[in-house]
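The values are calculated or read from the model by the stated rules, or taken from the named source; none is laboratory data. Small disclaimer: the values here were computed from a predicted structure and weren't measured. Cβ: placed from backbone, ideal geometry, glycine included. Neighbour counts: every protein chain shown. Ligands, DNA and RNA are stripped out before the accessible areas are found, and what is left, the full protein with its side chains, is counted by its heavy atoms. Shrake-Rupley method; radii C 1.70, N 1.55, O 1.52, S 1.80 Å.
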Amino acid sequence: MTATTLPVDPGARRPGGRGTRTEELQTRLAEAIVTGRLKPGAALDEVQIAAEYAVSRTPVREALRQLSASGLVEIRPHRGAVVAKPDHAQLRDMFAVMGELEALSAGLSAAQMNRSERAALEELHGSMAVLVRAGDLDAYSAANIAFHVSIYRGSHNSYLAELASATRRRLAPFRRAQFEGRDRLTRSHHEHSLVVQAILRADSARAAAAMREHIGLSARAWDDLAKATTEAI
């Protein structure tokens, strides 16, 4: 596999300054992966990355090692690192766990969110309707992360929020890809509406069920997209 040129945001700050070079580089690489600029299966060449970011190979090697521990990168002995690409069975398992974590978060949020948190969630959801109408995938993907994170936090359970966030990071490249499916943005926003309505009504059972269904539909959308891609090859 040939190395994929690392896409660098022109406005991104180079490693250095606040935090260590390894931490900064890890953040930049993780951002490129979860936003889809580095695709699953893409090769991550240490020399190329070091040149792109004007650092030595040592912080690159350490950043890749840490990303491997988080599940975003796979390091293959004597073959180098690639963006992690779980098989379909593993992805189904990950989505199943994600569904339960998100459902629990939504149910707790319906019971625990205070008035200002509910208002902020409703406002964020309303703003996402504009992005759906515009078909703005990049902006919707970013807002979608904020939407789900607000529900994790609204659970007022920090450990649950940590687990849900970590699992979401593992699935981020695949969740973003499924938004490219036909009409998926519109359907995703409608599914969000059901979750938000239940949370605003403090209906924990309905909020959990709506979120579980939402993640299940996301998993099926990804599966359909993956099958269509495979058949087209």
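Odds and ends about this structure:
- Test: residue in segment 45-66 that is at positive phi and outside any helix (DSSP H, G or I): yes
- Scope segment 54-70; condition free of Cβ contacts under 8 Å to residues at least 40 places away in the same chain, under 24 Å from the mean Cα position of the chain (by Cα) and over 19 Å from A172 (Cβ atoms); matching residues: V60, R61, R65
- Extreme residue, modelled with the highest pLDDT, among residues of segment 78-87 that are charged (D, E, K, R) and either farther than 14 Å from R169 by Cα or crowded, with 17+ Cβ neighbours inside 10 Å (or both): R79
- Candidates S158, S165, S127, S193: the one that is out of contact with any strand residue (DSSP E or B) (no Cβ under 8 Å at 6 or more places or on another chain) and closer than 23 Å to K39 by Cβ is S165.
- If the condition is being farther than 30 Å from A143 by Cα and either modelled with pLDDT under 90 or open to solvent by less than 40 Å² (accessible area, probe 1.4 Å) (or both), then segment 55-77 contributes V55, P59, R76, P77.
- Taken across segment 92-107, residues that are among the basic types (K, R) and modelled with pLDDT under 90 do occur, with at least one present.
- With respect to (1) closer than 29 Å to R220 by Cα; (2) surrounded by fewer than 16 Cβ atoms within 10 Å (Cβ to Cβ); (3) touching a helix residue (DSSP H, G or I) at 6+ places or on another chain (Cβ under 7 Å), the lone exception for P40 is condition (2).
- L108 farther than 14 Å from I215 by Cα and crowded, with 17+ Cβ neighbours inside 10 Å: yes
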